[in-house]
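K.L.:
What follows is a single structure, and I will ask about it in a moment.
All of the numbers you see were taken from the coordinates with simple rules; none came from a lab. Quantities reported herein were computed from a predicted structural model and do not represent experimental measurements. As a convention, Cβ positions derive from the backbone with ideal geometry for all residues, glycine included, and neighbour counts pool all protein chains shown.
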Amino acid sequence: MLHARVPVHERRAALRAALRSGRLLRFPGAFNPLSAVLITELGFDGVYVSGAVLAADLALPDIGLTTLTEVATRAGQIARVTDLPTLVDADTGFGEPMNVARTIQTLEDAGLAGCHLEDQVNPKRCGHLDGKTVVPTEEMLRRLRAAVAARRDPNFLLCARTDARALEGLTGAIERARAYVDAGADLIFPEALADASEFEALRGAVDVPILANMTEFGKSELLTTSTLESVGVNLVLYPVTLLRIAMGAVEDGLRRIATEGTQAGLVEHMQTRARLYELLDYSAYTSFDASVLTFRT
Ligand SMILES: C[C@](O)(C(=O)O)[C@H](CC(=O)O)C(=O)O
Ligand SMILES: [Mg+2]
């Protein structure tokens, strides 16, 4: 009721331990706090807060228009309703290395378990689109060093994302990943690798956990959890999946209401009032209220 129970430092420690387990951790992207409740209830391992989803939610393209305040606020709203660790997309860190330092502390304060920082130039774009540019390795190292120095909880997970695969090939991405690990990255996010063999090659090249981004309509083949686990991937993101499912249903529903003049035919596909109230733990609020009233009288 009201909020998560597990303190964030414990969730961060649990995520560290789980990443060492050899098990694949599944992090669907929550498009709002309520979807994070469902992710938790259905037994996933963590919650992801996607920059693309956060921007799309504001009807903006994912080109670095959202601010640190917007991202930290929304990610904090999501993190506080789940006992799972929440990982947030910090894009390029919202500025120069000094800004990156502030970003890390702000995200720590917002209750996140970790974040990823990427090596794109500003303005960044979706990692699965053409026309990206990356900063020189040295500049990304400055971002990472600032992040490491600013972090107050050593278990706050710093994930380094490289977008170099599209520009410098797999070898270039691997070289960068190694340099980012040396600078203190705890987890590597190789963006837009083509297939399982590329993940396997990266796996063999770094000795920290690696992440796979299974976003739809992108450049990566959609690999199953067993394939990802078999090539040694430690964490998989389904960043925009829930938003795409929801928006697909919303658009179909709106069209049917417009053409049929009623939503009656859609009711059987809807989440029921009872299920919604169950997710909201409605009855606990009613009992709480009753107990407070009883206490007063
Ligand atoms: C992972 C990602 O950074 C995100 O913001 O969710 C995006 C996802 C997407 O646009 O499909 C990405 O750049 O891959
Ligand atoms: Mg993003």
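K.L.:
Please get the size of the charge dipole for the chain, origin at its Cα centre, with Cβ charges of +1 on Lys and Arg and -1 on Asp and Glu, quoted in debye to the nearest 20.
P.N.:
That gives the chain a dipole magnitude of about 620 debye.
K.L.:
Still on this structure: Can you give the % of DSSP beta bridges in the chain that are antiparallel, to the nearest 5?
P.N.:
Numbers: 1 of 25 bridges.
Once the DSSP bridges in the chain are tallied, antiparallel ones form about 5 percent.
K.L.:
Further question: Calculate one ³J(HN,Hα) per residue across region 263-273 by plugging θ = phi - 60° into the Karplus curve 6.51 cos²θ - 1.76 cosθ + 1.60, and present them in order as whole Hz with x for glycine and proline.
P.N.:
Running phi through 6.51 cos²θ - 1.76 cosθ + 1.60 with θ = phi - 60° gives 9, 3, x, 9, 4, 5, 8, 7, 5, 6, 4 Hz.
K.L.:
I'd like to know which of I210, T227, S21 lies farthest towards the positive end of the charge dipole of the chain, counting +1 on Cβ of Lys and Arg and -1 on Cβ of Asp and Glu.
P.N.:
Positive-end residue among those listed: S21.
K.L.:
How much length would be gained if the chain were fully extended between M1 and L34, taking 0.36 nm per residue of separation minus their Cα-Cα distance, in nm to one decimal?
P.N.:
Value of the extension gain: 10.6 nm.
K.L.:
For region 200-287, what D do you get in µm² per second when you plug the Kirkwood radius from alpha-carbon pairs into Stokes-Einstein at 4 °C and 1.567 mPa s?
P.N.:
In µm²/s, the coefficient rounds to 76.
K.L.:
Also, quick follow-up: If exposed means no more than 16 neighbouring beta carbons inside 10 Å and the site is in a DSSP loop, what's the longest run of the chain without any exposed GluC sites (Glu not before Pro)?
P.N.:
After excluding every exposed loop site, the longest remaining stretch is 1-215.
K.L.:
Along each of the three principal axes of the Cα atoms of region 83-122, give the extent in whole Å, ordering the values from largest to smallest.
P.N.:
34, 17, 8
K.L.:
Two decimals is fine: what is log10 I(q)/I(0) at q = 0.10, 0.12 Å⁻¹ for region 41-137, from a Debye sum with one equal scatterer on every Cα and no solvent?
P.N.:
-0.26, -0.38
K.L.:
Could you point to the residue in T67, A55, L254 farthest towards the positive end of the chain's charge dipole, with +1 and -1 charges on the Cβ of Lys/Arg and Asp/Glu respectively?
P.N.:
Of the candidates, T67 comes out farthest on the positive side.
K.L.:
Same structure, new question: Could you work out which residue, out of L237, L193, L38, moves most in a Gaussian network model of the chain, that is, has the largest mean-square fluctuation with Cα springs under 10 Å?
P.N.:
L38
K.L.:
Dipole magnitude of region 28-116 about its Cα centre, charges +1 at Lys/Arg Cβ and -1 at Asp/Glu Cβ only, in debye to the nearest 20? Working shown, then result.
P.N.:
On the way: 3 positive and 11 negative charges, 23 e Å.
Computed about the Cα centre, the dipole is about 120 debye.
K.L.:
Next question. Find, to one decimal place in angstroms, the Kirkwood hydrodynamic radius of the chain, where the mean of 1/r is taken over every pair of different Cα atoms and then inverted.
P.N.:
20.1
K.L.:
Could you size up the charge dipole of region 129-194 around its Cα centre, putting +1 on the beta carbon of Lys and Arg and -1 on that of Asp and Glu, and report it in debye to the nearest 20?
P.N.:
Details: 10 positive and 10 negative charges, 45 e Å.
For region 129-194, the charge dipole is close to 220 debye.
K.L.:
Something else now. When you take every Cα atom in region 137-232, what is the radius of gyration, and what is Dmax, the widest Cα pair distance, in Å?
P.N.:
13.4, 37
K.L.:
What does region 249-297 give for Rg and for Dmax, in Å, if only its C-alpha atoms count?
P.N.:
Considering region 249-297 through its Cα atoms, Rg and Dmax are 17.9, 54 Å.
K.L.:
Further question: Report the gain in length on full extension from R142 to M270: 0.36 nm times residue separation, minus Cα-Cα distance, nm rounded to one decimal.
P.N.:
41.2 nm
K.L.:
Sticking with this structure for a sec: Would you list the P(r) distribution for region 15-89, with all Cα-Cα distances sorted into 5 Å bins from 0 and each bin expressed as a whole %?
P.N.:
3, 17, 27, 21, 16, 11, 4, 1
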